[in-house]
Amino acid sequence: DVQGLDLHGSDELDSVLLHAFPDAERKTLGYEINQGTQLREAVRRAPLSHDKLSPILLENPVRKPAYDPQIMRLRGGMRSYLQRTADPQLLRTRVQSLYPGFSEAEVQALLDGFGDTAERGVSAREAEFNQLNNAFQKWVNQPTQASRYSTEGMSEWTSKNDVYKAIRRCWQRTGPPGVEAPGIVRPQALNLDGVPLGRYLATMPELTANFEHVTELSLANASMRNEQAIFLRPFRQLRQLNMLENRLTEFPEEIGNLRMLTALALDNNQIRLTEAGVTRLRGLVRLNLLRLSNNPLQLPPDISLMPKLQALTLDHTQLNTWPTGYFGQPRPRSIYLNLEFNVLTQIPDVAPGSFRAELLARTHFTRTEGWISPQNLERIKVYIESVGLDPDRPYPPFGVLDSSDWMEGLTDQAWYVKA
């Protein structure tokens, strides 16, 4: 018990369990403290079949720890020798256990990559996986806020266990596939949408394992705050990041360090761009999709170094002009820029009939009173007419957007931008 005193003397396992259960939990099971025999018979009448038991065992692996000469000794205290594996097949079996989805060719490629240190390399991967499992199993089994056997307690335990399983599958590369990337074997997509990470990250173990094979990460509606963006640090090779509907108030440095990003969604946060935030965002030169809708940005983003950008949503962002660098280099005719529901007071000065005039003409903006002055609207209409488009049409031709390929490869509904 809590005082370290014996709850009960030596007895059958079933009786000992009933004595160890708190009264409320034991009564929930439907047993009194002296009904160990009945509990044993009930278990015997309903054993789990192998097909149901096997997945449970796989989800809770118990692995022998890697040899550590600092703490492990032979009986009598003598130092032991690091085991050397003469059988290559045994190494392949160990790798296959770590990465169940790997083909024979992928297993062999991993071992070849280790060269002469294959034994050491495989042992390091096993130790990394064991550390991940041990840390997260302890976290999952921490006391819940409500009673473990209450509806709220079971819901919390299940949610945390789902996070653990998703991260474990991601490490083992058996989860949903991510976008293909050069040099990454079996890229992974990790989806934690709707998980209350804002609450869990206070106690959740730090991800110290290698997750550079993750190319897609979705954390929509996860209640994450600025300081919790450190969760992104292990995912250095991300191509797509979705953080819609969180509690960010600035552009995190951790996102600015993800230089391989091609798609970034940050809609529906409370991000206000500072000069530092503009600089961080400016460095994401590989972006072809950037979503910043419904953020009080105030400062326009700088996209001058983003030649591949094909879609940019800036509606409801408290801007008064176009993004910095938008007209600084040629852009595809299919580019999609949404500036709706911003009070546009600064209209760029471009040459009528030029490619810059066409970029301006194809911008989505709100024409109704209060969002743009009559004088500025007429000025934009002149640019629209100069490139052969209808100045009174409220939106650019949809055919251009429909014919573009900016959504190619972005099959997840989360990346969809309504035209």
Given the conditions (1) open to solvent by less than 60 Å² (accessible area, probe 1.4 Å); (2) of a type outside the set (Phe, Trp, Tyr); (3) within 18 Å of Asn342 (Cα to Cα); (4) over 23 Å from the mean Cα position of the chain (by Cα), every one holds for Arg291 apart from (4)
Just checking, how many residues over the stretch 164-180 are within 26 Å of Gln108 (Cα to Cα), open to solvent by 40 Å² or more (accessible area, probe 1.4 Å) and part of a helix (DSSP H, G or I)? 1
Name the strands (runs of 3 or more DSSP E) wholly inside the stretch 194-280 in which the number of residues that are open to solvent by 10 Å² or more (accessible area, probe 1.4 Å) and modelled with pLDDT of 95 or more is 1 or more. 214-218
Do the conditions hold for Gly183, that is, is it open to solvent by 40 Å² or more (accessible area, probe 1.4 Å), modelled with pLDDT under 95 and at positive phi? yes
One residue from Glu253, Glu212 being out of contact with any Leu (no Cβ under 9 Å at 6 or more places or on another chain), of a type outside the set (A, V, I, L, M, F, W, C) and farther than 19 Å from Leu281 by Cβ: Glu212
In the stretch 300-330, how many residues are out of contact with any strand residue (DSSP E or B) (no Cβ under 9 Å at 6 or more places or on another chain), over 21 Å from Arg239 (Cβ atoms) and open to solvent by 20 Å² or more (accessible area, probe 1.4 Å)? 6
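Residue by residue, here is whether (1) part of a helix (DSSP H, G or I); (2) over 16 Å from Pro205 (Cβ atoms) holds:
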{"position": "Ala127", "(1), (2)": "yes, no"}
{"position": "Asn134", "(1), (2)": "yes, no"}
{"position": "Lys138", "(1), (2)": "yes, no"}
{"position": "Gln145", "(1), (2)": "no, yes"}
{"position": "Tyr149", "(1), (2)": "no, yes"}
{"position": "Met154", "(1), (2)": "yes, yes"}
{"position": "Asp162", "(1), (2)": "yes, no"}
Show the residue pairs meeting these rules: Cβ distance below 8 Å; 6+ apart or different chains; first residue within the stretch 18-32 and within 14 Å of Tyr149 (Cβ to Cβ); second residue open to solvent by 60 Å² or more (accessible area, probe 1.4 Å) and assigned to a helix (DSSP H, G or I). Phe21/Leu29; Tyr31/Gln38
Mind listing whichever residues of the stretch 107-140 are surrounded by fewer than 16 Cβ atoms within 10 Å (Cβ to Cβ) and either modelled with pLDDT under 95 or over 30 Å from Val195 (Cβ atoms) (or both)? Gln108, Ala109, Asp112, Gly113, Gly115, Asp116, Thr117, Arg120
List pairs: first residue in the stretch 282-293 and more than 15 Å from Met260 (Cβ to Cβ), second residue assigned to a strand (DSSP E or B) and among the aromatic types (Phe, Trp, Tyr) anywhere in the structure, Cβ distance under 6 angstrom, at least six positions apart or on different chains. none
Selection from the stretch 321-352 of residues modelled with pLDDT of 95 or more and of a type in the set (Gly, Ala, Ser) yields Gly325, Ala351
Taking the stretch 372-393 and keeping only residues that are under 24 Å from Asn295 (Cα atoms) and surrounded by 17 or more Cβ atoms within 10 Å (Cβ to Cβ), one is left with Ile372
Residue, farthest from Val163 (Cα to Cα), within the stretch 93-106, restricted to residues that are of a type outside the set (A, V, I, L, M, F, W, C) and open to solvent by 60 Å² or more (accessible area, probe 1.4 Å): Glu104
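The values are calculated or read from the model by the stated rules, or taken from the named source; none is laboratory data. Because the structure is a prediction, the values reported are computed rather than measured. Note that each Cβ is placed from the backbone with ideal geometry, even for glycine, and that neighbours are counted across all protein chains shown. These area figures cover heavy atoms from the full protein model, side chains too; ligands, DNA and RNA do not enter into them. Shrake-Rupley method; radii C 1.70, N 1.55, O 1.52, S 1.80 Å.
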